[in-house]
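S.K.: One structure coming up, written as structure tokens, with questions to follow.
Since every read-out is calculated from the coordinates, none of them should be taken as a lab result. These numbers were taken from a predicted model, which means no experiment stands behind them. All Cβ positions, glycine included, derive from the backbone under ideal geometry; neighbour counts span all protein chains shown.
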Amino acid sequence: MIIFAGVQGVINYVRRDPLTRLKLAKGMSMGLEFKLGSEILRTVVVREFKEILLVGAIILLRAALTLLIHWEIKNEEQATGEKPAEP
């Protein structure tokens, strides 16, 4: 998903689409949501406390990235005048 959003972002950049940043941020956000879900599912097979800490750190990092991307999307939508997407 993240690779697809990146390729689509490059294509939109080459085409000089004014909403390239917004579309790229939305694609990255969706990709991170999938990745976060997979990390949560990964906790089912964790066997050691050290692995739980590692998965927890990954989840916190992904959550922080997701929040930053959503903040960027909101600011970009306000700047372009596009209607904000509902979560």
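S.K.: Which longest run of the chain has no exposed loop site in it, a site being GluC sites (Glu not before Pro) in a DSSP loop with at most 15 other beta carbons within 10 Å, and the site itself not part of the run?
M.R.: Counting only loop sites that pass the neighbour cut-off, the longest clear stretch is 1-47.
S.K.: Across the range 17-30, in residue order, what do the Karplus-derived ³J(HN,Hα) couplings come to in whole Hz, using 6.51 cos²θ - 1.76 cosθ + 1.60 with θ = phi - 60° and x for Gly and Pro?
M.R.: 3J(HN,Hα) across the range 17-30, in whole Hz: 5, x, 9, 4, 4, 5, 5, 5, 5, 5, x, 5, 4, 5.
S.K.: Moving to a separate point now. For the chain, list log₁₀ I(q)/I(0) at each q in 0.12, 0.20 Å⁻¹, using the Debye formula over Cα point scatterers of equal strength and ignoring solvent, two decimals each.
M.R.: -0.45, -0.91
S.K.: Just need the relative contact order of the chain here, percent rounded to a whole number, with Cα pairs under 8 Å and 6+ apart.
M.R.: 31
S.K.: A further question follows. If one takes the longest principal axis of the Cα atoms in the chain, at what angle in degrees, from 0 to 90 and to the nearest 10, does the Cα axis of helix 2-14 lie?
M.R.: 20
S.K.: Cα atoms only: what Rg and Dmax, in Å, come out for the range 1-45?
M.R.: Over the range 1-45's Cα set, Rg and Dmax evaluate to 13.3, 45 Å.
S.K.: Number of Lys-Lys pairs in the chain under 19 Å by Cα, sequence gap 8 or more or different chains?
M.R.: Qualifying lysine pairs in the chain: 7.
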